[in-house]
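**Student:** One structure, pasted below without further comment.
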Amino acid sequence: MDCAERIMVSWIICVLTALCTISVVLASVPQPENVRVTSINMDVVLEWDPPQPSSGNLTYTAGFTPEYRSVSGLRIVCQNQSERSCDFTDHLSNFGIYTFYVRAEFQTETSHWVNASEFAIDKDTLIGAPTVRLSSKAGNLEVDIQDPVTRNPGGLRTVYDHVCFNVRYWEKNKMENATVLNCEQQNSLVLSSELKPRTRYCVQAQVYIPSYEKTSDFSRVMCETITDGRAEPWLIVTVMVCSLLVMAVTVLLLFLIGWYGYKGIKFMFPKAKLPEHFKQYLVEPPHSYIFLAMQNSSQPEEKCHEVCILSELTEGTESEGTPL
């Protein structure tokens with residue numbers, strides 16, 4: 001073996017050794033397991049389980065690539081996190097096809113990237129159950145169905161051209177005899193055929209998307225009693241009692257108003273009559289001519305005369321008055 005061949009063999013050995021070393025380093029951190037995409041109503045979350053065996057100090061980095069792009073074009077969304085899930089919803093288009101990746105990390109070492117299956121959001125997402133509300137009027141059952149709530153402002157109808165509802169209803173405790181209405185277009189329905197008055201009916205609905213033959217779970221069972229257009233007995237009694245109370249309070253108020261009004265009139269206009277001169281004095285203002293004459297008249301002049309009174313003494317009186 002000449003010198004050139006020896007150099008070539010040595011170079012190949014070095015390259016193989018380096019590759020083996022890199023593989024050992026990468027393999028020193030085990031990969032995440034059970035990598036899966038969970039998607040409901042266009043929300044997309046990548047989830048995974050920790051590798052086994054694993055260190056408690058592992059962190060994870062997750063990202064995605066659009067269709068037809070390799071891992072070299074990976075866009076990182078969650079980096080160096082301890083949680084075992086990553087929400088991609090705000091970074092994706094509802095009409096895109098994506099591949100999602102995750103790897104485990106320990107200090108400066110990392111595992112290989114592990115990817116979930118390719119995922120088309122509009123096709124593969126699960127649709128949540130709608131919300132159903134019931135009300136009964138004049139023997140009919142009115143059903144109001146609300147679309148599942150999505151983070152997309154326009155809801156499901158901006159993603160799918162055709163969204164309808166499968167509705168089933170039955171007399172309570174007789175679900176085996178349920179009547180099914182397929183692909184109803186409207187969110188509001190009126191069920192009126194062959195419904196028995198004063199009978200309780202239950203309703204469920206599910207979303208149906210014909211373009212993908214996709215259905216949601218059925219909604220929660222909602223039940224309502226069918227009215228016959230007549231007022232319920234308890235409602236009649238309640239109205240009568242309230243009417244009687246209102247009438248009683250009204251009569252009492254009218255009586256009190258009349259009583260206190262009568263008392264006020266008697267006080268203002270008593271039956272006892274005042275003398276005429278009192279009435280005249282009360283009616284006439286203070287500056288009448290009689291009052292002015294009394295105020296302006298002078299006091300009468302008093303005439304006085306001196307009067308002297310003399311007493312006449314008799315003899316008997318003198319003797320009695322002489323001191324002993």
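**Student:** What is the fewest-to-most order of LYS263, LYS172 by other Cβ atoms lying within 10 Å of their Cβ?
**Tutor:** So the ranking, lowest neighbour count to highest, is LYS263, LYS172.
**Student:** Let me check I've understood the local charge: for TYR68, count other residues with C-beta under 15 angstrom from its C-beta, Lys and Arg +1, Asp and Glu -1. What total comes out?
**Tutor:** Details: positive: ARG69, ARG75; negative: GLU67, GLU118.
That sum, taken over residues with Cβ under 15 Å, equals 0.
**Student:** Let me check the size of segment 77-132 from its C-alpha atoms; what are the radius of gyration and Dmax in Å?
**Tutor:** In Å, with Rg to one decimal and Dmax whole: 14.8, 53.
**Student:** Net charge around VAL190, counting only other residues with Cβ within less than 12 Å of its Cβ (Lys, Arg = +1; Asp, Glu = -1)?
**Tutor:** -2
**Student:** Let me check against my output: what whole-number percent is the relative contact order of segment 83-210, with C-alpha pairs under 8 Å and at least 6 apart?
**Tutor:** Relative contact order, segment 83-210: 22 percent.
**Student:** If you don't mind, another one. Can you work out the PRE-style zone for GLU176? Point 7 Å along Cα to Cβ, and I want the residues of segment 189-233 with backbone N under 13 Å.
**Tutor:** none
**Student:** Now, a different point. So which of LYS137/LYS172; LYS123/LYS172; LYS123/LYS174 end up more than 30 Å apart by C-alpha?
**Tutor:** Pairs exceeding 30 Å: LYS123/LYS172; LYS123/LYS174.
**Student:** Would you list GLU105, GLU302 from fewest to most Cβ contacts within 10 Å?
**Tutor:** GLU302, GLU105
**Student:** Quick one: order MET175, MET222, MET240 by neighbouring beta-carbon count within 10 Å, fewest to most.
**Tutor:** On the way: MET175 13, MET222 16, MET240 10.
Fewest-to-most ranking of MET175, MET222, MET240: MET240, MET175, MET222.
Readers should treat all values here as calculations from the given coordinates under stated rules, not as data from a laboratory. Because the structure is a prediction, the values reported are computed rather than measured. Please note: Cβ atoms are built from the backbone with ideal geometry, for glycine as well, and neighbour counts cover all protein chains shown.
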